[in-house]
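Report on one structure; see the data block that follows.
The values are calculated or read from the model by the stated rules, or taken from the named source; none is laboratory data. Quantities reported herein were computed from a predicted structural model and do not represent experimental measurements. No Cβ is skipped: glycine too gets one built from the backbone with ideal geometry, and neighbour counts run over all protein chains shown. Just the protein is used for accessible areas: all its heavy atoms, side chains included, with ligands, DNA and RNA removed. Shrake-Rupley method; radii C 1.70, N 1.55, O 1.52, S 1.80 Å.
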Amino acid sequence: MESNNQKTESPRFEKELETMSPFEIKSTLINMAEKDARQSSATFLNAGRGNPDWLLSFPRKAFFLLGEFAVSEAERVMLDEQWGIATSPKRAGVDERFRTFLAAHNGERGAKVLNHIYQHATQDLGADPEEFVFELVDGILGDHYPTPPRILKHVEIITREYLRLAMGGGDDKTPYDLFATEGSTAGMCYTFESLKQNFLMEPGDKIALLTPCFTPYLEIPALAQFGLDVVTVSANKVERNGYHDWQYPKEEIDKLRDPSIKAVCITNPSNPPSVCLAPEVLDQLVDVVKKDNPQLMIITDDVYGTFVENFRSLMYVLPYNTLCLYSFSKYFGATGWRLAAMALRSDKNVFDDRLAALPKEKKEKLAKRYESLTLDPDHLKFIDRLVADSRLVGLNHTAGLSTPQQIQMLIFAAFAYLHVEDLQPRLIKLIHTRLNNLWSTTGFKLLPDPNRAGYYSEIDMMIWATQIYGADFAKYLNDNYQPLDFVIRLAEQTAIVLLNGDGFDGPKWSVRVSLANLDSDSYLKIGTAIRGILDEYHNEYLKSKK
């Protein structure tokens, strides 16, 4: 923005950008940052997206070694050796051959992981050895449709066990049905569509969103095809002596007492503040549901829960009301795998009870919709309707996450479950080291918080403008610049890309920094750059006073 022409057009350009999703704005910022990096000695740093720069290699080694065994099983009977046309593997004797294969690869990391999972499944969980190994083999080869379409048998058992641990279930024996989906975003899309198709959310109905939150959750309910009335429950209010704690004030949570609010959508821990619901907020939610809104449908996306020690999901706080989505993308460094599971209480839940309470004419319409699946469509559970709706009902028999993906999910889940005491502290430390580096060079104060995941950091520049330079400067900043100007300057002057926090319904002058996708030293540079831009505004303020 060096020329007068650029300065004149900048506010208009920034206002136009503000109408877009921050993930779309990111593309513009990347172009600016890359241009600056080419024209200067600056290093291009993109902290705008939360794709982790780590991955778990051991469960992947197990996956690829399992694939080698599975192909050898198929090639036991060849139809055409010259071109590798093999038969589908046979179940008989597969367990013994698997153990022999692992013994032959003794000492390899992948074999150790597979053997540990095999012992756990067959001894601790009581799985039939031959049935379990054949599911692994047939699944990783992907030579049959997913059966059952919702999730494979042992994938569900092992993933359910992992989710109980990861979501803070402890010894809770609440039974859950799982649906394996192409990432939690697919799960969220399926959920909204099934709520609509089953008359559980109709045009004009109220849905609450706990904000700040992941932008698609802001955008989906607003689509014309749903026509929902959105009620915002905001954590933007400043608490704790002028600093954000990103928790929800009592008066905000009390909005949910309105029984006309049929559903609430939650990201826990939040994105971008990256803070989980505090115990007192969970207690208040329980009070809201028990006293005033017992039929509230809670949809919670808990992908970042594993980055908080002793995390407790609403699926174990309010199990009757909660549909939980969990993605394997972040913790396992597996965004490209598109692995997630939806969990809904199997014996009794609010979604099924709301279906049962629908008026006769709506039940008749739904019976017609699902009559090709069952002789008793009235009793088809909501989670099975999710599966069917994901394939427009008519293609239900080909529904489900691909079986190789499901086998990788099983290996991830078992590995994390069996090694949680070693794995979780290391990943939490990795994230928190980067977080502390970021804040250490801003000159801002990072308050300790046991509820902080730290996968992202949302920094409200207006708070720090006030704390460091006073209220008069903060007013000048707000009166003379668009909030997007901050991230644009960062991109153009320092080749650093951050996302604007107001795109997540956060404070207007906040920025979101991902702590997942750059090395620790890069966050020292980002913190320095953030403070440098704030100081630049202050210099302009001082000049205006002269």
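Is it true that residue 541 is touching a Phe, Trp or Tyr at 6+ places or on another chain (Cβ under 6 Å) and either buried (at least 19 other Cβ atoms within 10 Å of the Cβ) or not in a helix (DSSP H, G or I) (or both)? Please lay out each step first, then the result.
Numbers: touching a Phe, Trp or Tyr at 6+ places or on another chain (Cβ under 6 Å): yes; either buried (at least 19 other Cβ atoms within 10 Å of the Cβ) or not in a helix (DSSP H, G or I) (or both): yes.
Against the criterion (touching a Phe, Trp or Tyr at 6+ places or on another chain (Cβ under 6 Å) and either buried (at least 19 other Cβ atoms within 10 Å of the Cβ) or not in a helix (DSSP H, G or I) (or both)), residue 541 qualifies.
Of all residues in region 501-538, those that are part of a helix (DSSP H, G or I), touching a strand residue (DSSP E or B) at 6+ places or on another chain (Cβ under 7 Å) and among the acidic types (Asp, Glu) total 1. Test residue 446 against the stated conditions and say whether it is of a type outside the set (Phe, Trp, Tyr), farther than 25 Å from residue 118 by Cα and without any contact (Cβ under 8 Å) to a residue 12 or more places away in the chain. So residue 446 fits the description; yes. Only one of the numbered conditions (1) buried (at least 18 other Cβ atoms within 10 Å of the Cβ); (2) over 30 Å from residue 368 (Cα atoms); (3) out of contact with any Gly (no Cβ under 6 Å at 6 or more places or on another chain); (4) at pLDDT 95 or above is violated by residue 471, and that is (1).
Please state which one of 138, 177 is assigned to a strand (DSSP E or B) and open to solvent by less than 50 Å² (accessible area, probe 1.4 Å).
On the way: 138 fails: assigned to a strand (DSSP E or B).
The conditions single out 177.
Within region 372-425, restricting attention to residues that are of a type in the set (S, T, N, Q) and exposed (fewer than 13 other Cβ atoms within 10 Å of the Cβ), the residue that is nearest to residue 305 (Cα to Cα) is 398.
With the structure loaded, tell me whether residue 348 is assigned to a loop (DSSP other than H, G, I, E, B), surrounded by fewer than 22 Cβ atoms within 10 Å (Cβ to Cβ) and not small (Gly, Ala, Ser) or whether it fails that test. Let's see the steps before the verdict.
Working: assigned to a loop (DSSP other than H, G, I, E, B): yes; surrounded by fewer than 22 Cβ atoms within 10 Å (Cβ to Cβ): yes; not small (Gly, Ala, Ser): yes.
So residue 348 fits the description; yes.
Note on region 55-78: among residues that are of a type in the set (Asp, Glu) and either open to solvent by 70 Å² or more (accessible area, probe 1.4 Å) or free of Cβ contacts under 8 Å to residues at least 40 places away in the same chain (or both), the one that is nearest to residue 502 (Cα to Cα) is 68.
Does residue 269 satisfy the criteria of being modelled with pLDDT of 95 or more and open to solvent by 50 Å² or more (accessible area, probe 1.4 Å)?
Numbers: modelled with pLDDT of 95 or more: yes; open to solvent by 50 Å² or more (accessible area, probe 1.4 Å): no.
For residue 269, the condition - modelled with pLDDT of 95 or more and open to solvent by 50 Å² or more (accessible area, probe 1.4 Å) - is not met.
Summed over region 334-367, residues that are over 20 Å from residue 180 (Cβ atoms) and aliphatic (A, V, I, L, M) total 7. Kindly indicate which of 236, 241, 293 is surrounded by 14 or more Cβ atoms within 10 Å (Cβ to Cβ) and modelled with pLDDT under 95. The unique qualifying residue is 236. All conditions in (1) touching a Gly at 6+ places or on another chain (Cβ under 6 Å); (2) at pLDDT below 95 hold for residue 224, with the sole exception of (1). Being open to solvent by 30 Å² or more (accessible area, probe 1.4 Å) and closer than 30 Å to residue 303 by Cα holds for only one residue in 106, 46, and it is 46. One residue alone among 52, 22 is modelled with pLDDT of 95 or more and either open to solvent by less than 30 Å² (accessible area, probe 1.4 Å) or small (Gly, Ala, Ser) (or both), and that residue is 52.
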